[in-house]
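The values are calculated or read from the model by the stated rules, or taken from the named source; none is laboratory data. In this text the structure is predicted, and so the values were computed from the model without any measurement. Cβ coordinates were reconstructed from backbone atoms using ideal geometry, including for glycine residues, and neighbour counts include every protein chain displayed. Keep in mind that these areas ignore ligands, DNA and RNA; they rest on the heavy atoms of the full protein, side chains included. Shrake-Rupley method; radii C 1.70, N 1.55, O 1.52, S 1.80 Å.
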Amino acid sequence: MELSNINLNISPKGDSCFILIDDQFNKLLSEITKENIIDFLNKKNIIKGLLEIEIEKLLEGKHKTSEKVLVAERTKPLKGKAGYFQYLISTTSSIKEKDDGSVDFYEVGLIKNVKAGDRLVEIISPTRGKPGFDIFGNEIEGLYGDEANPKKIMGKGIKLSEDNRYLIAAIDGIYKSNVIGVISIDDQLVINSNIDFSTGNIDTSSSVYIKGDIKSGFKCLSNSSIKVDGAIEDAEVFSGDSLICKNGVISGTSPIIVKNTFRTKYITDRPTIECKDLFVEGMISNSDINCLGELNAGKISGGSIRVKDLIIVNDLGNERYDLTSIEVGLNYKALQRMDSCKQEEADLKKRIDIMKQDLENIGIEFKKISRRYNGIMENSGSKDMINKLALEIKENRKKESLLQTDIVNSQRKIDGLLKEYELLSKKVENTNPEIIVKGSIYPGVNIRLKLSARLEINEKMSNVKLILDPNSSQIRTVKI
């Protein structure tokens, strides 16, 4: 059908095309189809961005005379991937020595010794997006993504390389990266402030000296010793050697793990503290503490304390009779692993039972398939069915073999767990655990030495030592 009388309104840049609704167009409505209009537009070189849904609505005849209806528009070019930063320094902690044998540096955040001129961050250029098209099919170049602005992550001691492709170290020192990715180079061995947003987390192999607090939500992890002049708030702390906290440990849920000695002023409401030896000048209150050596404190009130060797304390419990649980003489790490061994053993046994049942089911199914297979073979049945059953037999044998192997491997794991459990059971107890109370011990305290029955303290006592009776394995008190 000839549609030369349709009036088009085409933008000069080929961005859009409108059909003008006039009397001539309305006369054609009963005769033309969507395909007629598309063919007409194609002949006008309008080949991209056709709006077929709008064309269909156009043919419904609901548009007013003199109204313009958009029937084609350009396909917009897309924006490419934005530029970004590729950090080139590994986050793995490392430590080096200077020529004089002293520690070269430790760092807050991501730690690495660097030299002036070392490349730290590569600035990745943005990419161009997919092209668009005008309604005539002419390509419109895609748009580049946003440039990465290096100034946003440049801290002290950082500069741009001459080709503007890298951020490089301006000085020798330690690479630092905080929680929002800002990098800098620091040449100091101490942190003169709190561990907070100004410094980011610490993760280092070197010793750390913090002149402020470790603030809530942050981490201080060191494979060596840590010294804190202030307090430890609800922060995660790990020391591969010793930890000294001059102020104290404030309530929180983050763990504190110390491989050797931990010294502090007080500990309040901490559910996870582990160390070898613990020395607390003041009070430990409502905390869960595990020690692999001895514990020496001014007062222990509330919470749960597990110590392998010895507790020396001025006061144990309090006048409110708050529940205070004390265990001495057991290696808590060995106990935890023993519990894990038992749980793993139980899980493996359940798994073996399930696999044995699966094997039994496979055996039943195998017999059914075999009977069908033999019957079809005897009666010269369908070749396709024979092949299908042969494949099923093969798959069942494969499943059976895999299950049998898994059962054997699981049983070997159980045997290994039983041996490990036996070895741990020989290491779990200390020979002569003691609790020495220089002041008072209050009702509300319950005590267990090694694997003895718990002793509930029902009356206040002073200046006592609690030991195990070698004959009865019961806890007894001795005046000191």
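State, to one decimal in nm, how far the label point of Lys152 lies from the label point of Phe279, with both points 7 Å from Cα in the Cβ direction.
Going by the 7 Å Cα→Cβ label model, 5.0 nm.
Efficiency by 1/(1 + (r/R0)^6): what FRET value for Glu67 and Lys44, r their Cβ-Cβ distance, R0 = 25 Å, to the nearest 0.05?
Working: r = 20 Å, r/R0 = 0.80.
Given R0 = 25 Å and the Cβ-Cβ separation, E is 0.80.
If amide H atoms are built 1.01 Å from N in the plane of the peptide, which residues on other chains or at least 5 residues away come under 5 Å of the amide H of Gly444?
Ile457
Just want to confirm a number: the relative contact order over the chain, from Cα pairs under 8 angstrom separated by 6+ residues, in percent. Mind dumping the intermediate values first?
Numbers: 1158 pairs, mean separation 37.9, N = 480.
With pairs under 8 Å counted, the relative contact order is 8 percent.
Which ³J(HN,Hα) values in Hz, rounded to whole numbers, follow from the phi angles of the stretch 308-317 under the Karplus curve 6.51 cos²θ - 1.76 cosθ + 1.60, where θ = phi - 60° and Gly and Pro get x?
6, 10, 8, 10, 10, 8, 6, 10, 10, x
Where only protein heavy atoms count, and the probe is 1.4 Å, what is the accessible area per residue for the chain in Å²? Each step should come with its number before you reach the end.
Details: 26310 Å² over 480 residues.
Here the residues of the chain average 55 Å² of exposed surface.
What whole number of Å gives the distance from the Cα centroid of the stretch 448-476 to the Cα centroid of the stretch 218-280?
Answer, in whole Å: 30.
Quick check for you: which residues of the stretch 47-83 have the amide N under 20 Å from the point 7 Å beyond the Cα of Tyr144 toward its beta carbon?
77-83
Could you pull out every residue, at least 5 positions away or on a different chain, whose amide H is within less than 5 Å of the one on Ile202? Hs are placed 1.01 Å off N in the peptide plane, and Pro or chain starts have none.
Hits under the 5 Å cutoff: Gly109, Lys219, Cys220, Leu221.
Identify all lysines with a Cα-Cα distance to Lys438 below 23 Å; exclude those on the same chain that are fewer than 8 residues away in sequence.
Lys265, Lys276, Lys299, Lys308, Lys450, Lys460, Lys465, Lys479
Given R₀ = 35 Å, what would the calculated FRET efficiency be for Ser325 paired with Ile354, taking r from the Cβ atoms and rounding to 0.05? It would help to have the intermediate numbers written out before the result.
Values: r = 38 Å, r/R0 = 1.10.
According to the calculation, E is roughly 0.35.
Once you charge only the Cβ atoms, +1 for Lys and Arg and -1 for Asp and Glu, what is the size of the charge dipole of the stretch 204-292 about its Cα centre, to the nearest 20 debye?
On the way: 10 positive and 11 negative charges, 52 e Å.
Rounded to the nearest 20 debye, it is 240 debye.
Read phi for every residue in the stretch 319-335 and hand back ³J(HN,Hα) as whole Hz from Karplus 6.51 cos²θ - 1.76 cosθ + 1.60, θ = phi - 60°, with x for Gly and Pro.
5, 7, 6, 4, 4, 10, 9, 10, 10, 10, x, 10, 7, 4, 5, 5, 4
Along Cα→Cβ, 7 Å out, is where each label goes; now give me the distance between the ones at Val179 and Gln343 in nm to one decimal.
Placing both labels 7 Å beyond Cα along the Cβ direction yields 3.0 nm.
Roughly what angle does helix 34-43 make with the longest principal axis of the chain, taking Cα atoms, 0 to 90 degrees, to the nearest 10?
80 degrees
Provide the gained length on full extension for the span Lys368 to Glu35, in nm with one decimal, where the gain is 0.36 nm per separating residue minus the Cα-Cα distance.
Details: separation 333, 0.36 × 333 = 119.88 nm, distance 6.07 nm.
Going from the current span to full extension adds 113.8 nm.
What is the stretch 431-480 by shape, rounded, prolate or oblate, if you read a ≥ b ≥ c off the alpha carbon gyration tensor as root eigenvalues and call it rounded for a/c under 1.5, prolate for a/b larger than b/c, and oblate otherwise? Don't jump to the answer; show the numbers that get you there.
Values: a/c = 2.12, a/b = 1.40, b/c = 1.52.
Oblate shape, in that a/c is at least 1.5 and b/c is the bigger or equal ratio.
With +1 on the Cβ of every Lys and Arg and -1 on the Cβ of every Asp and Glu, and nothing else charged, how large is the dipole of the stretch 278-408 about its Cα centre, in debye rounded to the nearest 20? Can you show the working numbers first?
Details: 21 positive and 22 negative charges, 222 e Å.
With only Lys, Arg, Asp and Glu charged at Cβ, the dipole is about 1060 debye.
So if I place +1 on the C-beta of Lys and Arg and -1 on the C-beta of Asp and Glu, and nothing else carries charge, what would the dipole magnitude of the chain be about its Cα centre? I want it in debye, nearest 20. Walk me through the numbers before you get to the answer.
On the way: 71 positive and 71 negative charges, 216 e Å.
Roughly 1040 debye for the chain.
Please check which bits of the stretch 147-169 a label hung off Tyr87 would reach, taking the label as a point 7 Å along Cα-to-C-beta and the cut-off as backbone N under 20 Å.
148-161, 165-169
Tabulate in residue order the Karplus-calculated ³J(HN,Hα) for the stretch 282-291, using 6.51 cos²θ - 1.76 cosθ + 1.60 with θ = phi - 60°, rounded to whole Hz; enter x for Gly and Pro.
x, 10, 9, 10, 6, 10, 10, 10, 10, 10
Hey, what did the stretch 132-268 get for relative contact order, percent, Cα under 8 Å, at least 6 apart? If you can, show how the numbers build up before the last one.
Working: 312 pairs, mean separation 17.3, N = 137.
After rounding, I find 13 percent.
Report the local net charge at Asp163: Lys and Arg +1, Asp and Glu -1, summed over other residues whose C-beta lies under 13 Å from its C-beta.
Values: positive: Arg119, Lys159, Arg165; negative: Glu122, Glu162.
Residues close to Asp163 contribute a combined charge of +1.
Per DSSP H run of at least 4 residues, take -39500 (n - 2.57); add these up for the chain, divide by its residues and hand me the 222 nm value, nearest 500 deg cm²/dmol.
On the way: 5 runs with 113 residues, N = 480.
Taking each H run of at least 4 residues, the total per residue is -8000 deg cm²/dmol.
To the nearest 10 degrees, how steep is helix 383-425 against the longest Cα principal axis of the chain, on a 0 to 90 scale?
With both axes taken from Cα atoms, the answer is about 30 degrees.
Once fully extended, how much extra length lies between Lys211 and Asn314, figured as 0.36 nm per residue of separation less the alpha-carbon to alpha-carbon distance? If you can, show how the numbers build up before the last one.
Values: separation 103, 0.36 × 103 = 37.08 nm, distance 3.02 nm.
Length difference between fully extended and current span is 34.1 nm.
Relative contact order for the stretch 126-203: what is it in percent, counting Cα pairs under 8 Å that are at least 6 residues apart? Before the final figure, lay out the partial values.
Values: 101 pairs, mean separation 15.9, N = 78.
Worked out over the stretch 126-203, it gives 20 percent.
With the crude spin-label approximation of a point 7 Å out along Cα→Cβ, what separation in nm comes out for Asn5 versus Ser473?
11.1 nm
How would you classify the chain from its alpha-carbon gyration tensor, with a ≥ b ≥ c the square roots of the eigenvalues: rounded for a/c under 1.5, else prolate if a/b is greater than b/c, otherwise oblate? Show your work: numbers first, answer last.
Numbers: a/c = 2.85, a/b = 1.60, b/c = 1.78.
Oblate is the answer for the chain, as a/c is 1.5 or above yet b/c matches or exceeds a/b.
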